[in-house]
Amino acid sequence: MTIILHTISGAPCGWRAMLGFAFKGVDYEAHYLQGSKREHETPAFLQLNPRAKVPVMEADGLVLRDSIAILAWLDSFHPERPLFGATTAETAAVWQIVLECCEYLQPATNGVVFPVFAGDGCALAPDSQEAGELHSAAETLNGECAFLETTLGDKTFLCGPAPSAADAVAYAEIGRIQRAIETKPDAMASLGYDRFDHNYPHLAAWRIRISRLPGVAATAPVHWRVSA
Ligand SMILES: N[C@@H](CCC(=O)N[C@@H](CS)C(=O)NCC(=O)O)C(=O)O
């Protein structure tokens with residue numbers, strides 16, 4: 001069976017779904033849409049997802065249009081290496097972190113990385129309204145990173161002994177923060193993100209650990225790999 005995953009390079013929801021496939025070792029075909037050309041708003045794509053959002057998965061006639069639903073389907077389709085916990089306690093912990101990351105970490109990351117990626121990379125004039133809003137967003141994001149750092153502690157993965165859906169969802173967000181630090185260091189430093197790995201040592205080690213898992217490098221946003 002061919003599994004097709006429609007996504008946009010850099011979209012965290014698509015990235016988390018791809019990470020689930022990598023953690024499982026299940027093959028899929030990634031079909032990239034050009035976000036800048038609004039290819040996710042074409043009539044053909046709207047037939048798959050009238051909400052014009054990615055990811056969308058197609059498998060054997062089934063169409064799924066939500067990243068977490070895709071991860072849940074994958075776990076049922078291929079139960080080895082469970083993404084949603086091997087025990088009742090792990091399952092609850094995975095769901096809690098997945099939902100918290102979707103509810104809090106992802107919007108907090110968007111609040112910082114969207115304006116930083118769109119900007120010229122320079123620090124903003126300190127007294128501008130834009131800078132005030134960005135500093136407030138950076139503070140919110142720092143709170144979420146601190147929360148995740150404490151949740152992770154010195155564990156290898158966020159929930160249990162193996163990578164789970166919680167790691168997939170969180171990794172895509174921390175990966176975007178890291179990308180902003182690497183490509184827009186001055187703007188990120190002006191927001192207090194010049195010592196991220198020092199401030200969040202558990203997250204830093206975890207990010208590297210996940211990045212070295214089989215198949216994970218191939219999930220990285222394609223436009224990052226081209227310009228890296
Ligand atoms: N709950 C959905 C959210 C999907 C979503 O918001 N996707 C974003 C990328 S992370 C998107 O397609 N954005 C394109 C747009 O809004 O134009 C999921 O988890 O799949």
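The values are calculated or read from the model by the stated rules, or taken from the named source; none is laboratory data. Predicted model, so just to flag it, every value in this text is computed and none were measured. A quick note on method: Cβ atoms are made from the backbone with ideal geometry, for glycine too, and the neighbour counts reach across all protein chains shown.
Of the set (1) in contact (Cβ under 8 Å) with a residue 24 or more places away in the chain; (2) under 26 Å from Ser67 (Cβ atoms), all apply to Ala205 but (1). Scanning the stretch 47-56 for residues that are out of contact with any Ser or Thr (no Cβ under 9 Å at 6 or more places or on another chain) and more than 8 Å from the ligand (Cβ to nearest atom) yields Gln47, Leu48, Asn49, Pro50. Return the residue satisfying two criteria in turn: it lies in the stretch 57-66 and is of a type in the set (A, V, I, L, M) and over 20 Å from the mean Cα position of the chain (by Cα), and of such residues it is nearest to the ligand (Cβ to nearest atom). Among residues in the stretch 57-66 that are of a type in the set (A, V, I, L, M) and over 20 Å from the mean Cα position of the chain (by Cα), the one nearest to the ligand (Cβ to nearest atom) is Val63. One residue stands out among those in the stretch 1-27 that are within 15 Å of the ligand (Cβ to nearest atom) and among the hydroxyl-bearing types (Ser, Thr, Tyr): the one that is surrounded by the fewest Cβ atoms within 10 Å (Cβ to Cβ), which is Ser9.
Every condition in (1) touching a residue at least 60 places away in the same chain (Cβ under 8 Å); (2) of a type in the set (Gly, Ala, Ser); (3) more than 14 Å from the ligand (Cβ to nearest atom) holds for Ala44 except the one numbered (1).
Considering only residues in the stretch 47-62 that are in contact (Cβ under 8 Å) with a residue 40 or more places away in the chain and charged (D, E, K, R), the one that is farthest from Asp75 (Cα to Cα) turns out to be Lys53. Among the residues of the stretch 1-26, which ones are assigned to a loop (DSSP other than H, G, I, E, B) and modelled with pLDDT of 95 or more? Once the filter is applied, which keeps residues that are assigned to a loop (DSSP other than H, G, I, E, B) and modelled with pLDDT of 95 or more, the stretch 1-26 yields Thr2, Ser9, Gly10, Ala11, Gly25, Val26. Being outside the structural domain of Leu19 (by TED's automatic domain parsing), loosely packed, with under 14 Cβ neighbours inside 10 Å and among the basic types (Lys, Arg) holds for only one residue in Arg195, Arg176, Arg209, and it is Arg195.
Take Gly153 and decide whether it is closer than 26 Å to Phe23 by Cα, buried (at least 18 other Cβ atoms within 10 Å of the Cβ) and not basic (Lys, Arg). Taking the combined requirement at face value, the residue does not satisfy it.
With respect to the conditions (1) under 18 Å from Met18 (Cα atoms); (2) away from the ligand (no atom under 15 Å from the Cβ); (3) surrounded by fewer than 17 Cβ atoms within 10 Å (Cβ to Cβ); (4) of a type outside the set (Ser, Thr, Tyr), Ala69 falls short on a single one, namely (2).
Candidates are the residues of the stretch 72-91 that are surrounded by 13 or more Cβ atoms within 10 Å (Cβ to Cβ) and of a type in the set (Gly, Ala, Ser); the one that is nearest to the ligand (Cβ to nearest atom) is Ala72. Listed residues Leu124, Leu141, Leu148, Leu203; which is at pLDDT below 95 and either within 18 Å of the chain's Cα centre (by Cα) or more than 27 Å from Arg81 (Cβ to Cβ) (or both)? One residue alone meets the criteria, Leu124.
Residues that are at pLDDT 95 or above, surrounded by fewer than 18 Cβ atoms within 10 Å (Cβ to Cβ) and of a type in the set (A, V, I, L, M) do occur in the stretch 94-105.
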